[in-house]
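Visitor: The structure is given below, and queries will be raised subsequently.
The values are calculated or read from the model by the stated rules, or taken from the named source; none is laboratory data. Here the structure is a predicted model, which means the values were calculated and not measured. Neighbour counts are summed over all protein chains in view; Cβ atoms, including those assigned to glycine, are modelled from backbone coordinates with ideal geometry. The accessibility values were calculated without ligands, DNA or RNA, using every heavy atom of the protein model including side chains. Shrake-Rupley method; radii C 1.70, N 1.55, O 1.52, S 1.80 Å.
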Amino acid sequence: MAVYTKINQSNIDIINKKFNIEKILSFQGITKGIENTNYILKSKNKKFILTIFEKRVLPKEIPFFMKLMDYLNDSKINCPRPLKTKDKNYLIKLKNKTACIVTFLSGKDKKKVNESDCYVIGKAVAKMHMVTKKIKFTRKNSMGVKYLKPLLQSIKFKSNKGSNLKKFLFNNFNDIKKNWPKNLPSGIIHGDLFVDNIFFDKNKLSGIIDFYFAANDYYMYEIAICINALCFDEKNKKFVINKKKVDKLIKGYNSVKKINLNEKNNLNILCRGAALRYLLTRLFDYTNTPKTALIKIKDPNEYYQKLITHNNLNSFKDYLI
């Protein structure tokens, strides 16, 4: 979530006209996240989230996200539900960009999850995977490992230090791509399960938000993303893997959906691929985000450290206590 596109009262008037909802009285930009523009909309009794889709999301793919969130809601997976206009459309145009409105999910994210949270998150992810494996509609993972090379090539490296980083990244990319697994269990994954996309209400998990990276990929790749996002502890700007958290995350997932041997054997390469993905997107944003955007740029160094950590691990057992 971020604010690239600024809206005004005339845009809110369009929303009030198109949707059969309580009149929107106020709006405020949300600066967390880095992908799309997001606002919280408030009526007298309710809240909604307005998302304006920015450059990384192809307009033709947006209906996939709408259908997915609707399907998950119907399957009792707690997430925002997209609203339809009076004309029964999910999408509208604002500032010449595609936009949608979704319901407001109660609760809020935690700055830091603990071990028991990781167990609960593991269970929730497994339940979501059990539901999504039945879905017939699909979307290619545009941020999958085989699509990262153009992103890597687009990053501007400066100075000798930059050329060393460039070599490190290309070496890792080539090795990860060469060793990427084939034929693991797959289906639709969330694809971006960071701490700020997981909501808790009174210390209980209340739901998952921000499905705009959802795509078909390996279920275990989702676990790898979660390990990177949730299972490292920061100490004096150093990111150290917390194997107790990994252990709980895996146990929570396993309690609902069993992880097979092939998935376990490929955890390390999947973790390396997930770490590289976020390192590259953060490096790109670090050098390409417009100064006028209301956005907090995330530090690429975090994922540089995490990638090095995975490079020094090997087997599934290396991740557990």
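Visitor: Assuming 0.36 nm per residue, please report the length gained on full extension of the stretch Ile321 to Arg56 beyond their Cα-Cα distance.
Guide: On the way: separation 265, 0.36 × 265 = 95.40 nm, distance 3.81 nm.
So the extension gain works out to 91.6 nm.
Visitor: Over all directions, the average projected area of the alpha-carbon convex hull for the chain comes to how many nm²? Numbers along the way, then the final one.
Guide: On the way: hull surface 67.0 nm².
Seen from a random direction, the Cα hull of the chain projects 16.8 nm² on average.
Visitor: Enter the per residue convex hull volume of region 215-277, computed from alpha-carbon coordinates, in Å³ rounded to the nearest integer.
Guide: On the way: hull volume 5.8 nm³, N = 63.
Spread over its residues, the Cα hull of region 215-277 gives 91 Å³ apiece.
Visitor: How much area per residue is accessible in the chain when the probe is 1.4 Å and only protein heavy atoms are counted (Å²)?
Guide: On the way: 16130 Å² over 321 residues.
Accessible area per residue: 50 Å².
Visitor: A further question on this structure: Obtain the nm distance between the two label points defined at Asn183 and Lys23 by a simple spin-label model: each point lies 7 Å from its Cα along the Cα-to-C-beta direction.
Guide: It is 6.3 nm.
Visitor: Give the peptides 85-96, 38-49, 272-283 in descending order of average Cβ contacts within 10 Å, highest first. It would help to have the intermediate numbers written out before the result.
Guide: Details: 85-96: 13.1, 38-49: 16.6, 272-283: 24.2.
Highest-to-lowest ranking by the protection proxy: 272-283, 38-49, 85-96.
Visitor: Let's see if you can work this out: charge +1 on each Lys and Arg Cβ, -1 on each Asp and Glu Cβ, no other charges. What is the dipole magnitude of the chain about its Cα centre, in debye to the nearest 20? Walk me through the numbers before you get to the answer.
Guide: Values: 63 positive and 26 negative charges, 61 e Å.
Computed about the Cα centre, the dipole is about 300 debye.
Visitor: With label points built 7 Å along Cα→Cβ from the Cα atoms of Lys146 and Ile40, find their separation and express it in nm.
Guide: The two pseudo-label positions are separated by 4.2 nm.
Visitor: Top to bottom by accessible area (1.4 Å), largest first, where do Lys235, Lys166 land?
Guide: Numbers: Lys235 120, Lys166 95 Å².
Sorted descending by solvent-accessible area, the residues read Lys235, Lys166.
Visitor: With the crude spin-label approximation of a point 7 Å out along Cα→Cβ, what separation in nm comes out for Val256 versus Asn16?
Guide: 4.0 nm
Visitor: Ignoring ligands, DNA and RNA, what percent of the 1.4 Å accessible area of the chain is carbon and sulfur? All intermediate terms of the calculation are to be shown ahead of the outcome.
Guide: Details: 8110 of 16130 Å².
Ligands and nucleic acids excluded, carbon and sulfur give 50 percent.
Visitor: List every DSSP H helix in the chain whose Cα atoms extend 15 Å or more along the helix's own long axis and whose mean Kyte-Doolittle hydropathy is at least 1.0. Present the calculation step by step, with values, prior to reporting the outcome.
Guide: Numbers: long enough: 62-74 (19 Å, 0.32); 115-132 (26 Å, 0.32); 159-179 (30 Å, -1.21); 219-230 (16 Å, 1.31); 243-254 (16 Å, -1.31); 267-288 (31 Å, 0.35); 300-311 (17 Å, -1.47).
Passing helices, by number: 219-230.
Visitor: Here's something else I'd like to know. Compare Val102, Val120 by solvent-accessible area with a 1.4 Å probe and give them largest first, with all protein chains kept in place. Don't jump to the answer; show the numbers that get you there.
Guide: Values: Val102 10, Val120 60 Å².
Sorted by accessible area, descending: Val120, Val102.
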